[in-house]
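To start, the structure under review is shown below, and the notes come after it.
The values are calculated or read from the model by the stated rules, or taken from the named source; none is laboratory data. What you see is a predicted model; the values in this text were computed from it and never measured. For neighbour counting, all protein chains shown are included, and Cβ atoms are generated from backbone atoms with ideal geometry for every residue, glycine included. The accessibility values were calculated without ligands, DNA or RNA, using every heavy atom of the protein model including side chains. Shrake-Rupley method; radii C 1.70, N 1.55, O 1.52, S 1.80 Å.
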Amino acid sequence: MPATININGLQQALPADPRVSLLDFLREHLHLSGAKKGCNQGACGACTVLVDGERILSCLALAVQYEGRAVTSIEGLAQDGQLHPLQQSFIDHDGFQCGYCTPGQICSAIGMASELQRGVPAM
Ligand code: FES
């Protein structure tokens, strides 16, 4: 039985190559292009996704590290055709700038709000 990872609510087989980053797995294997490759070295945050609700930089993570975990990318935030409130807020308040980093900013903001609720804000 192949190792799997949950991506936006769907079980996916992990890549056979353990060197594949989570970002490349999302973008190149699953064709989920929301998380962006900016710096590809952990400096910009454009690749931020949520793993079990916590924000991570997917360019610095190997997909196989997250076997059995639940990853949410920007594509998985809307529920039943309704945008996540933070997605809607970015629209309402014209928070896009050029838009390239917006998916990472939204995922990071959701993770940060969760950290504040739990009293464990990260830097
Ligand atoms: S692409 Fe810049 S932090 Fe991941």
Only one of these conditions is not met by ILE56: (1) of a type in the set (A, V, I, L, M); (2) open to solvent by less than 40 Å² (accessible area, probe 1.4 Å); (3) away from the ligand (no atom under 16 Å from the Cβ). Which number is it?
(3)
Where residues in region 39-49 are open to solvent by less than 10 Å² (accessible area, probe 1.4 Å) and of a type in the set (A, V, I, L, M), which of them is farthest from the ligand (Cβ to nearest atom)?
VAL49
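Checking the condition open to solvent by 40 Å² or more (accessible area, probe 1.4 Å), of a type in the set (A, V, I, L, M) and over 20 Å from ALA78 (Cβ atoms), which residue from LEU10, LEU62 passes?
On the way: LEU10 fails: over 20 Å from ALA78 (Cβ atoms).
After applying the criteria, what remains is LEU62.
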